Amino acid sequence: MTLPVYSGPVRLSLVESEDEESVRTVVRKLLADRCASEDVAAVYDGAQGLHGALWRTLAADLGLAGLLVPEEAGGAGAGPRETGTVLEELGSAVAPVPFLTSAVIATSTLVRLMPEQSADRSAVRDTLVAAASGELVLTLAVPWSAVPDSPAYTVREKPDGLHGDVTPVAGADAGTFLVPALGTDGPGLWLVDRAEVRATPVTALDMTRPLATLRLDGARARPVARGRAAEDAVRAGLLTGAGLLASEQVGLAHWCLTETVSYLTERRQFGRVVGGFQAIKHRMADLHIAVESARAAARYAAAALADDPGDAPVAVAVAASVCSEVAVRAAEECVQLHGGIGMTWEHPAHLRLKRAVADQVALGTPVRHRARLGGIVGIVPDKECR
């Protein structure tokens with residue numbers, strides 16, 4: 001493949017706009033009212049109610065499912081910056097909703113096909129309209145570990161339909177799948193209804209984002225793109241997903257830092273507040289710097305995806321390599337510094353730790369993204385780091 005040309009640093013604003021502040025306020029209030037930690041923990045015990053009810057409110061009532069969808073297709077016509085703000089709040093609450101998989105990754109893939117590259121523009125537009133309204137949940141059927149520049153094709157087009165397995169896929173409870181597959185004339189992208197796919201759950205560390213193996217055995221499908229257009233659309237979806245996943249990880253890390261500092265300023269041992277020990281102060285100060293550095297990287301990635309596509313691959317690689325490690329570190333500190341209570345099922349720290357660790361391999365590990373970055377800027381040949 002041809003690597004994107006690195007054009008050097010670009011001045012992009014990292015300051016939150018009034019629109020982003022408004023979105024954040026609305027989503028934060030909703031999650032405070034409807035997504036308590038005990039409700040999220042109940043998902044691990046098999047509760048399903050939170051997922052559907054919360055998603056309907058977010059997607060349909062607030063219109064967040066259509067943030068990235070152009071207005072001509074019934075969406076809000078917003079961009080990655082506003083979407084990143086939503087993901088920060090969803091990450092903070094570890095909300096069990098398919099926003100990242102449907103409203104970000106799959107939607108970005110289809111939006112890329114809205115111009116004339118699509119083989120079936122009416123199918124693309126109709127699907128986006130349904131997704132923007134919240135009526136339809138979409139999923140791009142690729143392994144959850146897929147990185148933007150190397151989408152895998154494990155599905156083949158045959159005369160009687162699509163055949164092959166994809167595993168593990170996040171968001172496998174979608175109503176429609178976008179399936180990248182190798183056709184008789186090269187790569188392509190197909191729309192496949194859920195009824196045509198057999199989904200087998202895979203044991204996941206983070207049960208708020210379930211995984212499954214998808215099996216297509218002669219699945220009837222509708223092609224929406226062929227050749228280079230299909231490849232570019234899948235890469236665009238994965239790039240946007242990797243860049244905005246960083247915002248989710250920042251929200252999670254900030255929750256862990258805030259809750260830990262709050263606990264340490266109240267908890268007393270040996271007659272004094274635990275947070276008063278200098279070693280603890282240093283640990284929290286170091287973590288604060290790490291979280292704020294990650295926030296800057298995530299916001300720059302969202303800004304680049306919105307306003308500077310040429311610089312987006314660099315910005316996304318930086319954000320993805322930094323933010324996932326900071327999220328895990330913040331979650332580990334949260335569990336440890338809460339002492340014995342942090343290790344209990346009742347405390348919500350374990351929800352954040354599981355999400356943070358699971359997200360470390362989602363859409364590319366930090367090592368893979370650092371390798372991509374080296375290849376993009378010409379420091380290290382990309383293929384030597386894989």
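The values are calculated or read from the model by the stated rules, or taken from the named source; none is laboratory data. Predicted, not measured: the structure shown is a model, and the values here were computed from it. Note that each Cβ is placed from the backbone with ideal geometry, even for glycine, and that neighbours are counted across all protein chains shown. Ligands, DNA and RNA are excluded from the accessible area calculation, which covers all protein heavy atoms including side chains. Shrake-Rupley method; radii C 1.70, N 1.55, O 1.52, S 1.80 Å.
See the values below:
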{"item": "Estimated [θ] at 222 nm from DSSP helical runs (n ≥ 4, -39500 (n - 2.57)) normalised by residues in the chain, nearest 500", "result": "-15500 deg cm²/dmol"}
{"item": "Under the span-like rule (Cα at least 30 Å along the axis, Kyte-Doolittle mean at least 1.0), DSSP H helices of the chain", "result": "312-337"}
{"item": "In segment 61-160, GluC sites (Glu not before Pro) in a DSSP loop with at most 16 other beta-carbon atoms within 10 Å", "result": "Glu116, Glu135"}
{"item": "Leading residue at positive end of dipole, the chain (Cβ point charges), from Val326, His163, Gly63", "result": "Val326"}
{"item": "Calculated FRET value between Ser133 and Glu266, using beta carbons and R₀ = 56 Å, to 0.05", "result": "0.80"}
{"item": "Whether segment 258-334 is rounded, prolate or oblate, judged on the alpha carbon gyration tensor where a/c under 1.5 counts as rounded", "result": "prolate"}
{"item": "Pairwise centroid distance, computed over Cα atoms, of segment 156-204 with segment 341-360, Å", "result": "31 Å"}
{"item": "R0 of 41 Å, Cβ-Cβ distance Asp120-Ala53: FRET efficiency to nearest 0.05", "result": "0.75"}
{"item": "Within the accessible area of the chain (1.4 Å probe), percent carbon and sulfur", "result": "54 percent"}
{"item": "Charged-residue dipole, Cβ positions (Lys, Arg, Asp, Glu), the chain about Cα centre, Debye nearest 20", "result": "820 debye"}
{"item": "Distance between modelled label sites at Arg156 and Arg228, nm, 7 Å Cα→Cβ extension", "result": "2.7 nm"}
{"item": "Residues listed by number, segment 292-311, amide nitrogen under 18 Å from Ser13 label point at 7 Å toward C-beta", "result": "296-309"}
{"item": "Among [x] 92, 42, 36; [y] 76, 48, 39; [z] 75, 55, 42, the entry derived from the coordinates for Cα extents along the principal axes in Å", "result": "[y]"}
{"item": "Nearest-10 value in Å² for the accessible area of Thr344, using the 1.4 Å probe", "result": "50 Å²"}
{"item": "Distance (nanometres) between label positions extended 7 Å along Cα→Cβ at Asp307 and Glu71", "result": "2.0 nm"}
{"item": "By accessible area with a 1.4 Å probe, ligands and nucleic acids excluded, highest first: order of Val26, Val104", "result": "Val26, Val104"}
{"item": "Paramagnetic reach from Asp286 (point 7 Å along Cα→Cβ, amide N under 18 Å) across segment 330-352", "result": "330-339"}
{"item": "Spacing of the two label points (7 Å from each Cα toward its C-beta) at Thr344 and Lys29, in nm", "result": "3.3 nm"}
